[in-house]
Amino acid sequence: FPVTIGSEFGSYKMVAVAEANGATVAVSQTGQVYRSSNNLNFSLVKDIYLPAGLSSPVDCMASNGSRIAIIGYRYAPVVEFSDDAGGVFSSATFPATGSPVPQVIRWAGGSRWLVGCSIASADTGLFMSTDGCANFAPVTLPVQLSIGRGQIAVHKGRCVVFGTQKGTSTTRAFWTDDYTNWNEISFVPSVATEPTTVKKIWNIAGPEGI
């Protein structure tokens, strides 16, 4: 059924929706944050990066029920988090070396948050915060992965990460229970490069709940 967006919505395109603190929050591809208390009427509560905007991917927001976090890119990788459903945001510290571009964010239980990035010159596409989103650090994987939208899933402490191995067109996947020891997931049949096409896995998800 249709929802009502405030007149200031204009032509903004919503790319992600999450629930936090009893409200539904939607974010646009340029960083405008809208909120609804009834899932019918949305109004603008924050424009994170006036006037230049924020480039936000499709999988740009996650919630742990009280804190929402939004990723994007504006001259450098960006992670912003809010504890009041988008009214006030704080900026996370995020490594910019190699210009990783955030593509997906997941809450991984407790104070742990994960961000997957596409990479060109960066050494890794996976970054982790263990202090509630305030500070992120690179995670060392068995290979250098460029991680896209929908390519991280977490369920009951286990994390699965998919991506494209840097410098190749090969899809690789790994799982971990401790974020230190990573185990490769084999594909049968292979989803590596074929003569004319490259198979890509865009979305993975665990069952409901962390």
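The values are calculated or read from the model by the stated rules, or taken from the named source; none is laboratory data. Only a predicted model underlies this, so the values are computations on that prediction, with no experimental measurement involved. Note: ideal-geometry Cβ built from the backbone for every residue, glycine included; neighbour counts use all protein chains shown. For accessibility, only protein heavy atoms count, side chains too; no ligands or nucleic acids. Shrake-Rupley method; radii C 1.70, N 1.55, O 1.52, S 1.80 Å.
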Under 14 Å from the Cβ of residue 180, count the other residues' Cβ atoms, weight Lys and Arg +1, Asp and Glu -1, and hand me the total. 0
Ordered by packing density, taken as the mean number of other Cβ atoms within 10 Å over each peptide's residues, highest first, how do 67-80, 86-99 rank? 67-80, 86-99
Under 5 Å from the placed amide H of residue 145, counting only residues 5+ away or on other chains, we find 125, 166
What shape does segment 1-150 have by the C-alpha gyration tensor, where a ≥ b ≥ c are the square roots of the eigenvalues, rounded means a/c under 1.5, and otherwise prolate means a/b greater than b/c and oblate the rest? prolate
Simple spin-label estimate for residue 130 and residue 165 in nanometres, 7 Å along Cα-Cβ: 2.9
Please report, as a whole percent, how much of the solvent-accessible surface of segment 129-177 comes from carbon and sulfur atoms (probe radius 1.4 Å). 48
Under 12 Å from the Cβ of residue 111, count the other residues' Cβ atoms, weight Lys and Arg +1, Asp and Glu -1, and hand me the total. +1
